[in-house]
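Taking it in order: structure first as structure tokens, then the write-up.
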Amino acid sequence: MLQLPRPTQPTQPLASIEEAYELCRQITEKYSKTFYLGTLLMPPEKRQAIWAIYVWCRRTDELVDGPNAKLTTPETLDRWEDHLESVFAGHPLDDADVALVDTLKRFPMDIAPFRDMIAGQRMDLYRSRYETFEELNLYCYRVAGTVGLMSSAVLGVDERYRTAPWEKDQPLYIPTEEAIALGIANQLTNILRDVGEDAGRGRIYLPLEDLKLFDYSEEDLFNGVIDDRWRALMRFQISRARKYYDEAERGIRALSPDSRWPVWSALMLYQGILDVIEMNDYDVFTKRAYVPTAQKMLFLPVAWLRAQAL
Ligand SMILES: CC(C)=CCC/C(C)=C/CC/C(C)=C/CC/C(C)=C/[C@@H]1[C@@H](COP(=O)(O)OP(=O)(O)O)[C@]1(C)CC/C=C(\C)CC/C=C(\C)CCC=C(C)C
Ligand SMILES: Nc1ncnc2c1ncn2[C@@H]1O[C@H](COP(=O)(O)OP(=O)(O)OP(=O)(O)O)[C@@H](O)[C@H]1O
Ligand SMILES: [Mn+2]
């Protein structure tokens, strides 16, 4: 399913809308236990829409990160952008598109975050280092902050939540920055979890200015050196990621009531990866930090309580 795009007319009859959503469900379940669990806590229409968005994001990511990534060129991404235009014009080119076309009808969305994500994947084609956090932040917005923007259209806002709650004629509060912040927090977490894996591909996402600040060299990183310099550097990165989670948390109360539990859950589960990295004494070279399934389940009632109370 995660093949290169075909920006032509479909040659075979496409799946029905139900079949297309079932395909998206299966792909989401297979690729992400965390987000899939979050979607199971949503009402059916929102859940299906998030699966459709997930699959588009996953396909985009696979072009530069998947098994066939070596075949991907800037032209491949140009064609994927044409494919996107076709979907936004209401013309699905393959089975997964059928679900996204339906989702866009139910939850109208701006194409900009989709284009921005492709721009983020383009960065992966020509960059393997980030000098400053500002540069990394732009990358994180493009590949992950955009997911927050896409999802927001589906999650919806609380009709009663206004910029000044005591003023009835105040505009509704739309937590755009907080949605982007959750995407960035997730991406920073992902980067910390995958330091070793990325180093194996010659990639460093940690800002080089931070490496210098802690007197830790690229060579140290490629050798997987874990010492006090590394621990201090990782503590710094983790605390930065947590600030983005804090910002995101403040936006959840403005979401539709039926979206708060799934988002709190996804947030807590993904943030949990940072705690595991700490428990692993910052060894992200030989261990993969993940939240065990039993612990994931324990997070759910806590997330539910937060969704009611906050
Ligand atoms: C429950 C819910 C609403 C989930 C949204 C699910 C969704 C549509 C996810 C798309 C994820 C995806 C495939 C993105 C492509 C780029 C990429 C890979 C980004 C990284 C995701 C990590 O996935 P994983 O650990 O499986 O990575 P590996 O490839 O296995 O290494 C990211 C870290 C980014 C994910 C970003 C989000 C899910 C955005 C979250 C923000 C919101 C849901 C907005 C909430 C609103 C407020 C107001 C807080
Ligand atoms: N709950 C788990 N139990 C055992 N191994 C796990 C678990 N979660 C992740 N892993 C390990 O990590 C690999 C997948 O990593 P990843 O973190 O992408 O998991 P995931 O289930 O997709 O969750 P996420 O939604 O956080 O990405 C698995 O192949 C496995 O080795
Ligand atoms: Mn995953």
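The values are calculated or read from the model by the stated rules, or taken from the named source; none is laboratory data. These numbers were taken from a predicted model, which means no experiment stands behind them. So basically every Cβ, Gly included, is an ideal-geometry build from the backbone, and we count neighbours across all protein chains shown. Ligands, DNA and RNA are stripped out before the accessible areas are found, and what is left, the full protein with its side chains, is counted by its heavy atoms. Shrake-Rupley method; radii C 1.70, N 1.55, O 1.52, S 1.80 Å.
Kindly indicate which of 16, 32 is of a type in the set (S, T, N, Q) and within 16 Å of ligand 2 (Cβ to nearest atom).
32
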Just checking, which of 176, 132, 146 is within 16 Å of residue 63 (Cβ to Cβ) and of a type in the set (S, T, N, Q)?
146
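Of the residues 159, 85, 134, 81, which is at pLDDT 95 or above and over 30 Å from residue 202 (Cβ atoms)?
Residue meeting the stated conditions: 85.
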Mind checking whether some residue in the range 225-236 is within 13 Å of ligand 1 (Cβ to nearest atom) and open to solvent by less than 60 Å² (accessible area, probe 1.4 Å)?
no
Go through the range 208-295 and tell me which helices (runs of 4 or more DSSP H), entirely inside it, have 2 or more residues that are assigned by TED's automatic domain parsing to the domain that holds residue 193, within 24 Å of the chain's Cα centre (by Cα) and within 16 Å of ligand 3 (Cβ to nearest atom).
257-279
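If the requirement is being open to solvent by less than 10 Å² (accessible area, probe 1.4 Å) and without any contact (Cβ under 8 Å) to a residue 24 or more places away in the chain, which of these qualifies: 245, 216? Break it down into steps so the answer makes sense when it comes.
Values: 245 fails: without any contact (Cβ under 8 Å) to a residue 24 or more places away in the chain.
Result of the check over 245, 216: 216.
Per-residue answers, yes or no, for (1) among the aliphatic types (A, V, I, L, M); (2) under 21 Å from residue 147 (Cβ atoms):
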| residue | (1), (2) |
| --- | --- |
| 207 | no, no |
| 212 | no, no |
| 221 | yes, no |
| 245 | no, yes |
| 249 | no, yes |
| 280 | no, no |
| 289 | yes, yes |
| 298 | yes, no |
Is the range 298-307 home to any residue that is open to solvent by less than 10 Å² (accessible area, probe 1.4 Å) and in a loop (DSSP other than H, G, I, E, B)?
no
If you go through the range 8-30 one residue at a time, how many are surrounded by 14 or more Cβ atoms within 10 Å (Cβ to Cβ), more than 9 Å from ligand 1 (Cβ to nearest atom) and among the hydroxyl-bearing types (Ser, Thr, Tyr)?
1
Does residue 90 meet the test of being touching a helix residue (DSSP H, G or I) at 6+ places or on another chain (Cβ under 7 Å) and loosely packed, with under 13 Cβ neighbours inside 10 Å?
yes
Residue pairs qualifying under the 8 Å Cβ cut-off, at least six apart or on distinct chains, with the first in the range 187-207 being in the same structural domain as residue 136 (by TED's automatic domain parsing) and within 22 Å of residue 244 (Cα to Cα) and the second being outside any helix (DSSP H, G or I) and of a type in the set (S, T, N, Q), are 204/128; 207/132
State whether one or more residues within the range 47-55 are out of contact with any Ser or Thr (no Cβ under 9 Å at 6 or more places or on another chain) and either open to solvent by less than 30 Å² (accessible area, probe 1.4 Å) or not assigned by TED's automatic domain parsing to the domain that holds residue 148 (or both).
no
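Inside the range 287-297, can you point out the residues that are within 12 Å of ligand 1 (Cβ to nearest atom) and open to solvent by 60 Å² or more (accessible area, probe 1.4 Å)?
288, 290
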Would you confirm, using the coordinates I've provided, whether residue 110 is modelled with pLDDT of 95 or more and closer than 25 Å to residue 9 by Cβ?
no
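When you look at residue 134, is it open to solvent by 50 Å² or more (accessible area, probe 1.4 Å), in the same structural domain as residue 149 (by TED's automatic domain parsing) and not basic (Lys, Arg), yes or no?
Judged against the criteria, residue 134 is a match.
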Test each condition in (1) buried (at least 21 other Cβ atoms within 10 Å of the Cβ); (2) within 9 Å of ligand 1 (Cβ to nearest atom) for residue 33 and report the one that comes out false.
(1)
Of the residues in the range 89-143, how many are among the acidic types (Asp, Glu) and over 27 Å from residue 48 (Cα atoms)?
4
Failed criterion for residue 103 (all others in (1) β-branched (Val, Ile, Thr); (2) surrounded by fewer than 18 Cβ atoms within 10 Å (Cβ to Cβ); (3) not assigned by TED's automatic domain parsing to the domain that holds residue 270 hold):
(2)
